[in-house]
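The values are calculated or read from the model by the stated rules, or taken from the named source; none is laboratory data. Treat the numbers as computed from the prediction; the structure is a model and nothing was measured. Here Cβ is always computed from backbone atoms with ideal geometry, including for glycine, and neighbour counts include all displayed protein chains. The area values use the complete protein model at the heavy-atom level, side chains included, leaving out ligands, DNA and RNA. Shrake-Rupley method; radii C 1.70, N 1.55, O 1.52, S 1.80 Å.
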Amino acid sequence: MIIGGPGQVLSEDEVTAFVGDALSGAGLEGRSVCVIVPDATRSCPLPLLIRAVHQALHGKVSKLTILIALGTHAEMTPDELRKHLGGKYDGVLNHEWWKPETFVDLGSISADRVREISGGLLNDEVPVRLNKAVVEHDVALVVGPVFPHEVVGFSGGNKYFFPGVAGQEVIDVSHWLGALITSASIIGTLGVTPVRALINEAAALIPAEKLALAVVAQSGTNALHAIAFGNTVEAWQTAAEVSAQTHVTYLDHPVRRVVSVMPAKYADIWTAAKGFYKLEPVVADGGEVILYAPHVTQIAAMHPEIEEIGYHCRDYFVGQWEKFRDIHWGVLAHSTHLRGAGTWDPITGEHLRVKVTLATGIPEDVVRRANLNYLDPATVDLAEYNADPDTLVVPNAGEVLHRLK
């Protein structure tokens, strides 16, 4: 079931009524429910949604837990959680991915199955570990937005389990598979991509009933275009079709330069990298993407190893696999996502299609050591860039995918 659609904007009353009707008809009375929600790097009117969910379920279910799907992002403080959720609720948990005791083993995906799903790109058995809070409840209810995504095609659905509240193994394999396919090839692809298939395979091992309120947000606002409800596959598919018509902007011609103006919700380059890969497809060969984020002062709060290896194209790692294979594959994948297309060979080295420049609060020596270009943010004149016909300035970058017609 779905309410809304492309070009529509739902009122708060419509949202509340839809959530209440959907959950009242889902047979949840007397059962325990774990609500999995995004952290603050994903925009949607989460306070409205959580209020509607709480209103529909409180006092009717045996237990209600809210689990923040951090993936491997930083922990949210109690004050941040109150602001993020729109109030203080009982039973709110961060996904404490840094603690081994957070997880329960669900089994594994065989090497043969991984090879089949990946089309031969990978041949590794994958242990499947998940936050134990999910399996300790009868029902897992995903509540969160769907956007074009660099690893899986479109975010949402079972992705809130893997990588949202998953162990490192599935995170590494799924992200590296996406990197091997390349972000430019997979981002904004509707349907079940190889990475989505891997995630769905892992999700099939979850014993809880899996439901989703998959929302399509109006980027940069707290409004919603649509909400779909159903199981985590059907609701996600329905919402992704709306997102594909809402969160993709088409250009007639490539541009020489993009200036991605990053909002404050992206606190480091690990998350602000979205300003690159949502724009990479429209940049001409030899062009440049500038990530303008004066508020960002570090490359990766939780993943310092990215500063050691730097940012490189896929072929740089594949061509030197023995050197890099023991680094978390999710870190390698992130590196390729921000560097985009390129080639590497042992004689002539690395050749990159697009120049990547950081105009941030990160020191110049740190930026250049990470194999990126530096621009003093104090010298950036957005009005001047806006007046340049060869430059595309993108405010509130990071959510809307740009493509060529």
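Run the numbers for residue 404 and residue 301: contour at 0.36 nm per residue of separation, minus the present Cα-Cα distance, in nm. Show your work: numbers first, answer last.
Details: separation 103, 0.36 × 103 = 37.08 nm, distance 3.34 nm.
Once the chain is fully extended between residue 404 and residue 301, it gains 33.7 nm.
Treating only the Cβ of Lys, Arg, Asp and Glu as charged (+1, +1, -1, -1), what charge dipole size does the chain show about its Cα centre? Round to the nearest 20 debye.
Working: 31 positive and 47 negative charges, 95 e Å.
I would put it at about 460 debye.
May I ask you to evaluate 6.51 cos²θ - 1.76 cosθ + 1.60, the Karplus curve with θ = phi - 60°, for each residue of segment 267-275 and list the ³J(HN,Hα) values in order in whole Hz, giving x for glycine and proline?
Listing the rounded values in order: 8, 8, 6, 3, 9, 6, 4, 4, x Hz.
Tally the DSSP beta bridges in segment 241-370 and give the antiparallel ones as a percent, rounded to 5.
Details: 4 of 16 bridges.
So the antiparallel bridges amount to about 25 percent of the total.
Hey, what do the phi angles of segment 208-221 turn into as Karplus ³J(HN,Hα) couplings, whole Hz, using 6.51/-1.76/1.60 and θ = phi - 60°, x for Gly and Pro?
So the J values, rounded to whole Hz, are 6, 5, 10, 10, 8, 9, 9, 10, 10, 8, 7, 4, x, 9.
Looking at segment 98-215, send over the antiparallel percent of its DSSP beta bridges, to the nearest 5. It would help to have the intermediate numbers written out before the result.
Details: 9 of 16 bridges.
Antiparallel bridges make up about 55 percent of those DSSP assigns within segment 98-215.
Give the cross-link partners of residue 159 among the lysines, using a straight C-alpha distance below 21 Å as the criterion and excluding same-chain residues fewer than 8 apart.
99, 132, 210, 265, 274, 278
Given a 1.4 angstrom probe, what's the average accessible area per residue across segment 1-113, in square angstrom? Don't jump to the answer; show the numbers that get you there.
Values: 5350 Å² over 113 residues.
Result: 47 Å² per residue.
Rounded to the nearest 5, what is the percent of antiparallel bridges among the DSSP beta bridges in the chain? If you can, show how the numbers build up before the last one.
Values: 23 of 66 bridges.
Here the antiparallel bridges make up roughly 35 percent for the chain.
Can you grab the distance from the C-alpha centre of segment 267-288 to the C-alpha centre of segment 55-102, Å, no decimals?
Segment 267-288 and segment 55-102 have Cα centres separated by 31 Å.
For a quick check: with amide H placed at 1.01 Å from N, whose amide H comes under 5 Å from residue 35's, ignoring anything fewer than 5 positions away on the same chain?
The list, which skips near neighbours in sequence, is 65, 66, 67, 141.
Can you figure out the FRET efficiency of residue 204 with residue 323, using R₀ = 41 Å and their beta-carbon distance, to the nearest 0.05? Before the final figure, lay out the partial values.
Numbers: r = 35 Å, r/R0 = 0.86.
Taking R0 as 41 Å, the efficiency between residue 204 and residue 323 is 0.70.
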